[in-house]
Amino acid sequence: MQVRKKHHLTDLMSGTDILFYFLSALAIGSAILVVISKSPVYSVLWLIVTFFAISGHYILMNAQFLGIVNMIVYAGAIMVLFLFVVMLMNLNADSEPQKNKWIMLAGTVAGGCLLLVLVAALKNAEVRGLGIEMKTGDIGLINNLGKALFTEYVVPFEISSILFLSAMVGAVMIGKK
Amino acid sequence: MPIERYIILAIALFCIGIAGVLIRRNAIVVFMCIELMLNAVNLLLVAFSKMHYLKGAAANTTAGIDGQLFVFFIMVVAAAEVSVGLAIIVMMYRNVHSVDINFLNRLKH
């Protein structure tokens, strides 16, 4: 009996659980630091940490392609773009001059209320108790995703290239003096 | 792993993003908080895709693959959105010499 109970205890807190809680704490903590950092450069760096934690979650769920794409596109390309823009316009720490305490309080309360409402709505959700498959399953591998992307989703894929072209043209047109 | 844990994690990240949009005045930080909300939704989509895979794995082996492709397309759209948005912020900084969103109403004249 004692042995079974001990086995149950180790089963309860497996390596996957520990990794999940570690990555979740990392993601939420660095997301809070994004919001409360004074300097925008530190916000960008903490947001990179958040994206790496989310990539870790993807890899934990064996969505390997999305994990790598998240690292390359978000933590790599988009955040470097943010960092360039922040450093381009030498923002000082006093770039937010007048801080209204009431607005900060109202924003925090509004965010907390939304959190409360959404978590409370989860109580009667239909998906409660359903499990997710961690660390196994091959739908996240690049083979299956590529097959689906180039057969079933080939039209949206090609349209997204037009979107990129128009975004590039738009960015150049807007950025031009 | 039950799905509720990932739902609560995604809700927490989303609400931190919303609170950041409401609190901060720096346009770049507001934009970063929007990216944070997008990533919370991406995480939830991947978790639900794995849930549907576990539910329908016996019937077809590619159940839940749509969710992961949606995440891929969200990333594509977010990259385009960031390039245009940052160009707009740079233009705003050039005109107003500030990225405070309270001064954004000066753009109209």
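You will find that of A:Lys123, A:Lys135, the residue that is at pLDDT below 90 and in a loop (DSSP other than H, G, I, E, B) is A:Lys135 and no other.
Of everything in the range A:56-68, what is on the phi < 0 side of the Ramachandran plot and either over 12 Å from the mean Cα position of the chain (by Cα) or more than 10 Å from chain B (Cβ to nearest Cβ) (or both)? Give them in sequence order. A:Gly56, A:Ile59, A:Leu60, A:Met61, A:Ala63, A:Gln64, A:Phe65, A:Ile68, listed by residue number.
Can you go through B:Gly64, B:Gly85 and tell me which one is in contact with a His (Cβ under 6 Å, 6 or more places away or on another chain) and not β-branched (Val, Ile, Thr)?
Result: B:Gly64 is the single residue among B:Gly64, B:Gly85 that is in contact with a His (Cβ under 6 Å, 6 or more places away or on another chain) and not β-branched (Val, Ile, Thr).
Of all the criteria given as (1) at pLDDT 90 or above; (2) surrounded by 12 or more Cβ atoms within 10 Å (Cβ to Cβ); (3) not hydrophobic (A, V, I, L, M, F, W, C), the one not satisfied by A:Thr151 is (2).
Residues considered: B:Leu22, B:Leu107. Of these, the only one that is at pLDDT 90 or above, surrounded by fewer than 20 Cβ atoms within 10 Å (Cβ to Cβ), within 26 Å of A:Asn90 (Cα to Cα) and not aromatic (Phe, Trp, Tyr) is B:Leu22.
The set of residues in the range B:13-34 being within 7 Å of chain A (Cβ to nearest Cβ) and in contact (Cβ under 8 Å) with a residue 24 or more places away in the chain consists of B:Leu13, B:Arg25, B:Asn26, B:Ile28. How many of the residues in the range A:56-91 are within 23 Å of B:Leu44 (Cβ to Cβ) and assigned to a loop (DSSP other than H, G, I, E, B)? Matching residues across the range A:56-91 total 3. Residues in the range A:106-131 that are surrounded by 12 or more Cβ atoms within 10 Å (Cβ to Cβ), facing chain B (nearest Cβ under 7 Å), under 24 Å from B:Met1 (Cβ atoms) and small (Gly, Ala, Ser): A:Gly131 only. Against the test of being outside the structural domain of A:Leu26 (by TED's automatic domain parsing) and more than 24 Å from B:Val29 (Cβ to Cβ), the options A:Leu145, A:Leu60, A:Leu66 yield a single qualifying residue, A:Leu145.
The values are calculated or read from the model by the stated rules, or taken from the named source; none is laboratory data. Just so we're clear, the structure is a prediction, and the values are computed from it rather than from any experiment. Backbone-built Cβ (ideal geometry, glycine too); neighbour counts: all protein chains shown.
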